[in-house]
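Engineer: Structure in C-alpha cells, see below.
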Amino acid sequence: MLIQENYSLKRLNTFHINASAKYFVEVNSIDEIKEVLLDKTFINTPKLILGGGSNLLFTKDYNGIVIKNNLKGINLISEDENYYFVKAGAGEVWHNLVLHCINNNYAGLENLSLIPGNVGASPMQNIGAYGVEIKDCFYELEAFHINDKTIRTFNNADCKFGYRESIFKHELKNQYIITSVTFKLNKKPTYNISYGAIEKELELMGIKELNIQAISKAVCTIRNSKLPNPDEIGNAGSFFKNPEINKSNFDPLKKEFPNIVGYDLENGNVKLAAGWLIEQCGWKGKTFGDVGVHKNQALVLVNYADANGSELFDLSEKIMASVKEKFGVELEREVNII
Ligand code: FAD
Ligand code: EPU
C-alpha cells in the first residue's frame, strides 16, 4: 500500500479541478482500510473517502488523507422465488454493475444506467434517475466505522433514504466507509417507462416487446443527448437539487409564471424543476472565464478548462441568489463541497 504526499486529484474528480491531497492512498481490501486507519500518523488527520469523484467539488487543497476505495467484486449471494441478491464491492464502477445485472436478467437497476461514479457512493445520496432510486432495489450495505474500526450492516430503513439523501449525509456524516452494497433484484421485472422521454425513445428504437436491455439503451441515449460527458467537459451532473415547496407557495408562483415546471408530490408539496428556474434567470449557456452553465441543461455547472473550485462555487452562489430574488425559492447544492 503506497501512501503518497501532495498528490494531484485532477484526474480523480469529474470537474477536473487541480486540487491536491496532503496524503493519498488507494485501498483494495478491508485489511488495507484497517491498516490506514490504525496508522498512528493519521489518527487525527481529516479523512475523505473517494469513489469516482463525480459528485464533489474541491474548493481548496485537501489538508488530510484521501482514501480511494477500490474494493471490488460482484457476486450473486443468494436467491429466492422472486429475487436475486447481488453484492457489489464499493469500488466497482456503478454502470458496470448495472450492465452485469442486465446481462444476467436481474431487473431493477436498468433506469439507473450510465450514472457516473462507484457503487460505494450510490447510497450516499440514494442516486436516482428516470423514475427510480436505489432505495427501490437496495437490500443492505456494509460499512466500516472510522473511529471504532467495527463493521456494521445497514438495512433499507437504517439508511433513512430520501430524495438525494441518506443518513450518511447527516447524522453519520464522515463516520463510515461503505465497503459493499447488496441489491435485491427482480426475477419478474416491473418496467418503469413512464418518466420523461423513455417511451418515445423506445418507440424510435422500434421495440415491440419490452425488456430491461432496451430500457437501459433508451436511458443511455437520452442521457447522452442531455448531459455533458465529463471526459470532454468537467462537470458533476446536477449541481443543485430540485427544490420542494409548499403547495400554498406554489399556487401564487404558478399565477405569476404560468409556465413554471412543478410536479405534485404524494406529501402534498410540489417539486420544482431547478433547471427551469435557473434558465429563467438567464444563466443557461453563459460562460465566465473558464466556468459556465451548460447550454443544454441549466442545472449543470461546467469547467471548460482550468477553473479552480472556488470560481465554480462563486458562480453557484450567484445563481442561488438570483433564483431567490426572482422566485423566492432557495436552491440547495447537490454536489458535496470540499
Ligand atoms: P464521489 O464523488 O467520489 O463521492 C461522493 C460523496 O460520497 C463524497 O462525500 C464522498 O466522500 C462519499 N463517498 C464516496 N464513496 C464512499 C464510500 N465508499 N464510503 C463512504 N463515503 C463515500 N446522480 C444521481 O443521483 N442521478 C443522476 O442521474 C446523476 N447523473 C450524473 C451525471 C453526470 C454527468 C455526473 C458527472 C454526475 C451525475 N450524478 C448523478 C452524480 C454522481 O454520479 C453520483 O452522486 C454518484 O453516486 C457519485 O459517485 P462517486 O463514486 O463519483 O462519488
Ligand atoms: N428544464 C428547463 N431548462 C433546463 C433544464 C431543465 O426548463 O435547462 C426543465 C425541463 O424542460 C423539464 C424539467 O426541467 O421540464 C426537468 O428536466 P430533466 O428531465 O432534464 O431533469 P432534471 O430535473 O433537470 C433530474 C435529476 C438528474 C436525473 C434526471 C432524470 C436532480 C437534481 N436531477 O434532472 O440527476 O438524471 O432528473 O431523472 O434531481 C444528478 O443528480 O446529478 C442528475 C443528473
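The values are calculated or read from the model by the stated rules, or taken from the named source; none is laboratory data. Quick caveat, the model's predicted, so the values are computed rather than measured. In this analysis, Cβ positions are derived from the backbone assuming ideal geometry, glycine residues included, and neighbour counts consider all displayed protein chains. Each accessible area value is taken on the protein alone, full model and side chains, heavy atoms only, with ligands, DNA and RNA left out. Shrake-Rupley method; radii C 1.70, N 1.55, O 1.52, S 1.80 Å.
Engineer: Rg and Dmax of the chain, using alpha carbons, in Å: what are they?
Structural biologist: In order Rg, Dmax, the Cα atoms of the chain give 20.6, 62 Å.
Engineer: List the residues whose amide H sits under 5 Å from the amide H of G128, counting only those 5 or more places along or on another chain, with H placed 1.01 Å from N in the peptide plane.
Structural biologist: none
Engineer: Tabulate in residue order the Karplus-calculated ³J(HN,Hα) for segment 320-334, using 6.51 cos²θ - 1.76 cosθ + 1.60 with θ = phi - 60°, rounded to whole Hz; enter x for Gly and Pro.
Structural biologist: Rounded to whole hertz, the list is 4, 5, 6, 5, 5, 5, 6, 10, x, 10, 8, 8, 10, 5, 8.
Engineer: For segment 234-251, just list the computed ³J(HN,Hα) in residue order, Karplus coefficients 6.51, -1.76 and 1.60, θ = phi - 60°, integers in Hz, with x standing in for Gly and Pro.
Structural biologist: For segment 234-251, the Karplus curve yields x, 6, 10, x, 4, 7, 10, 7, 6, x, 9, 10, 5, 4, 5, 8, 6, 4 Hz.
Engineer: To continue, here is another question. Keeping all protein chains in place, calculate the accessible area per residue for segment 4-69 (probe 1.4 angstrom), answer in Å².
Structural biologist: The answer is 47 Å² per residue.
Engineer: Using θ = phi - 60° and the Karplus curve 6.51 cos²θ - 1.76 cosθ + 1.60, what whole-Hz ³J(HN,Hα) does each residue of segment 76-92 get, with Gly and Pro shown as x?
Structural biologist: 7, 9, 6, 8, 10, 4, 10, 10, 9, 10, 10, 9, 10, x, 4, x, 6
Engineer: Given charges of +1 on the Cβ of Lys and Arg and -1 on the Cβ of Asp and Glu, with all other atoms neutral, how large is the dipole of segment 234-337 about its Cα centre, in debye to the nearest 20? Before the final figure, lay out each step's value.
Structural biologist: Values: 12 positive and 15 negative charges, 64 e Å.
Dipole size: approximately 300 debye.
Engineer: Along the charge dipole of the chain, pointing to its positive end and built from +1/-1 on Cβ of Lys, Arg, Asp and Glu, which listed residue (C281, A236, L99) has its Cα farthest out?
Structural biologist: C281
Engineer: Output the peptides 119-128, 79-88 sorted from most to least packed, where packing is the average of other Cβ atoms within 10 Å over each peptide's residues.
Structural biologist: Result, highest mean first: 119-128, 79-88.
Engineer: Separate question: Of the DSSP beta bridges with both residues in segment 48-90, give the percent that are antiparallel, rounding to the nearest 5.
Structural biologist: On the way: 5 of 8 bridges.
Percent antiparallel among DSSP bridges in segment 48-90 is about 60.
Engineer: Right, here's the next one. Please figure out what share of the DSSP beta bridges in the chain is antiparallel and state it in percent, rounded to the nearest 5.
Structural biologist: Counting DSSP beta bridges with both partners in the chain, the antiparallel share is about 80 percent.
Engineer: I need the peptides 265-272, 111-118, 229-236 ranked by packing, meaning the mean over residues of other C-beta atoms within 10 angstrom, with the highest value on top.
Structural biologist: Ranked from most to least packed, the peptides come out as 111-118, 229-236, 265-272.
Engineer: Using amide H atoms built in the peptide plane, which far-off residues or other-chain residues are under 5 Å from L9 H to H?
Structural biologist: Excluding prolines and chain starts, which carry no amide H, the hits are A19, S20, A21.
Engineer: Something else now. Where the accessible area of the chain is counted over protein heavy atoms with a 1.4 Å probe, how much of it, in %, is carbon and sulfur?
Structural biologist: 46 percent
Engineer: With a cap of 10 neighbouring Cβ atoms within 10 Å, and only residues DSSP puts in a loop, list the chymotrypsin sites (Phe, Trp or Tyr not before Pro) found in segment 240-338.
Structural biologist: Counting only loop positions with at most 10 other Cβ atoms within 10 Å, none of the chymotrypsin sites (Phe, Trp or Tyr not before Pro) in segment 240-338 qualifies.
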